[in-house]
Amino acid sequence: MKLYGSITSPYVRRIRFLCLELGIPFEMVDTLTEAGQKELREKNPLWKVPYLESGDLKIWDSHTISDYILSTKGNGNFRPKEGDHYFREANLLTAIDQALDNAILLFYLNKEGIKPDAAPYLTKNALRISSILDYVKRELSGNFFFSDKKVGLSEIALYSTLDWIRFRSVLPILEEEIFVNFLNFHGPNKSWMETAPK
């Protein structure tokens, strides 16, 4: 398998984490290099990461890549995607992804000197992140979303999102005890440590 992306991308990190935890070897193509970016743009019309090649199969969405990995390699110790929890977990993933996408937008606009109050749309995006994180806090039960106390796609998404927000200093999430506890609980996992952004 060949995985295109950067070590700082939280969406790519989810795939790297899954592969490490499930013992799946992969070749990483760094898309922050000129050669990696050129190859990505030649192969993926979205020009986005993660992008995965496995034989003749080409996948350019992190959720579809996760589905592919879990359906072909098994769930290991992860909570299976199927079950009574499916729709709740799908909502959690959608919400967490929306918060992350808006945080990424804020990060890049801030690098350009554009603040969230520069336009009503940007202000709404910043408020949307707060609304989503409030929802996530209500849904968390300790360090998991479900009573099985297994890591599933929603916990993976939340960890990679919170850690990226912390790494990029986009929002003051370290003021939220529930998120600090979540990061501290899951953070010592070897695969999270190996995939940490630098």
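The values are calculated or read from the model by the stated rules, or taken from the named source; none is laboratory data. No experiment lies behind these values; they were computed from the predicted model shown. Counting neighbours? That spans all protein chains shown, and the Cβs are built from the backbone with ideal geometry, glycine included. The protein model used for the area step is the full one, side chains on, heavy atoms only, and it has no ligands, DNA or RNA in it. Shrake-Rupley method; radii C 1.70, N 1.55, O 1.52, S 1.80 Å.
So for region 113-156, Kirkwood radius off the Cα pairs, Stokes-Einstein at 25 °C and 0.890 mPa s: how many µm² s⁻¹? It would help to have the intermediate numbers written out before the result.
Values: Rh = 12.4 Å.
For these conditions, the coefficient is 198 µm²/s.
What figure in square angstrom, to the nearest 10, would you give for the accessible area of residue 117 with a 1.4 Å probe?
Accessible area of residue 117: about 120 Å².
If you build the Cα gyration tensor of region 158-198 and take the root of 5 times each eigenvalue, what three semi-axes come out, in whole angstrom, biggest first? Write out the running numbers ahead of the final one.
Details: eigenvalues 54, 33, 8 Å².
That gives 16, 13, 6 Å for the three semi-axes.
By accessible area of protein heavy atoms, probe 1.4 Å, what ranking do 82, 155 get, highest first? If you can, show how the numbers build up before the last one.
On the way: 82 130, 155 5 Å².
In descending accessible area the options line up as 82, 155.
Let me check I have the definition right: for region 105-198, take the eigenvalues of the Cα gyration tensor, multiply each by 5, take square roots. What are those semi-axes in whole Å, largest first?
On the way: eigenvalues 138, 54, 20 Å².
Semi-axes (√(5λ), whole Å): 26, 16, 10.
Restricting the calculation to Cα positions, tell me the Rg (one decimal) and the Dmax (whole number) of region 18-68 in Å.
Final numbers for Rg and Dmax: 11.3, 30 Å.
Could you derive backbone 3J(HN,Hα) for region 56-68 from the dihedral phi with the Karplus parameters 6.51, -1.76 and 1.60 (θ = phi - 60°), listing whole Hz in sequence and x where the residue is Gly or Pro?
Each residue of region 56-68 in turn: 8, 7, 10, 10, 10, 9, 4, 5, 5, 5, 4, 4, 4 Hz.
Got a number for carbon plus sulfur as a percent of region 62-119's accessible area, 1.4 Å probe?
Values: 1690 of 3280 Å².
That share works out to 52 percent.
Cα-Cα over 24 Å: which of 38/190; 2/198; 124/150; 48/111? Don't skip to the answer; put the middle values down first.
Details: 38/190 32 Å; 2/198 21 Å; 124/150 34 Å; 48/111 20 Å.
Cα-Cα > 24 Å for 38/190; 124/150; rest within.
First measure r as the distance between the Cβ atoms of residue 48 and residue 185, then evaluate 1/(1 + (r/R0)^6) with R0 = 25 Å and state the FRET efficiency to the nearest 0.05. Walk me through the numbers on the way to the answer.
Working: r = 30 Å, r/R0 = 1.22.
Between residue 48 and residue 185 the formula returns 0.25.
Mind putting together the pair-distance distribution for region 58-137? All Cα pairs, 10 Å bins, whole percent per bin, short to long.
Final binned percentages: 16, 35, 28, 17, 4.
Once the Cβ-Cβ distance between residue 22 and residue 84 is put in as r, and R0 is 30 Å, what FRET efficiency do you end up with, to the nearest 0.05?
Details: r = 24 Å, r/R0 = 0.79.
Calculated value: 0.80.
Over the Cα atoms of region 43-83, what is the Rg over Rh ratio if Rh follows Kirkwood?
Numbers: Rg = 11.7 Å, Rh = 11.3 Å.
My calculation puts Rg/Rh at 1.04.
To the nearest 500 deg cm²/dmol, what mean residue ellipticity at 222 nm is calculated for the chain from DSSP H runs of n ≥ 4 alone, each contributing -39,500 (n - 2.57), summed and divided by the residues? Mind dumping the intermediate values first?
Working: 8 runs with 112 residues, N = 198.
My calculation for the chain gives -18000 deg cm²/dmol from helical runs alone.
Can you give the extra length, in nm with one decimal, that the chain gains between residue 115 and residue 127 once fully stretched, where that is 0.36 nm per residue apart less the Cα-Cα distance?
Numbers: separation 12, 0.36 × 12 = 4.32 nm, distance 1.32 nm.
So the extension gain works out to 3.0 nm.
How big is the gap, in Å, between the Cα center of region 1-54 and the Cα center of region 64-111?
That distance is 16 Å.
At q = 0.09 Å⁻¹, work out log10 I(q)/I(0) for region 1-114 with the Debye formula, treating every Cα as an identical point scatterer and leaving solvent out; two decimals please.
Each listed q maps to, in turn, -0.27.
Output the direction-averaged projected area (hull surface divided by four) of the convex hull of the alpha-carbon atoms of the chain, in nm².
Its Cα hull, projected and averaged over all orientations, spans 11.6 nm².
Report ³J(HN,Hα) in whole Hz for each residue of region 110-123, in order, from the Karplus equation J = 6.51 cos²θ - 1.76 cosθ + 1.60 where θ = phi - 60°; Gly and Pro get x.
Values, residue by residue: 4, 4, 8, x, 9, 8, x, 8, 6, 7, x, 4, 5, 4 Hz.
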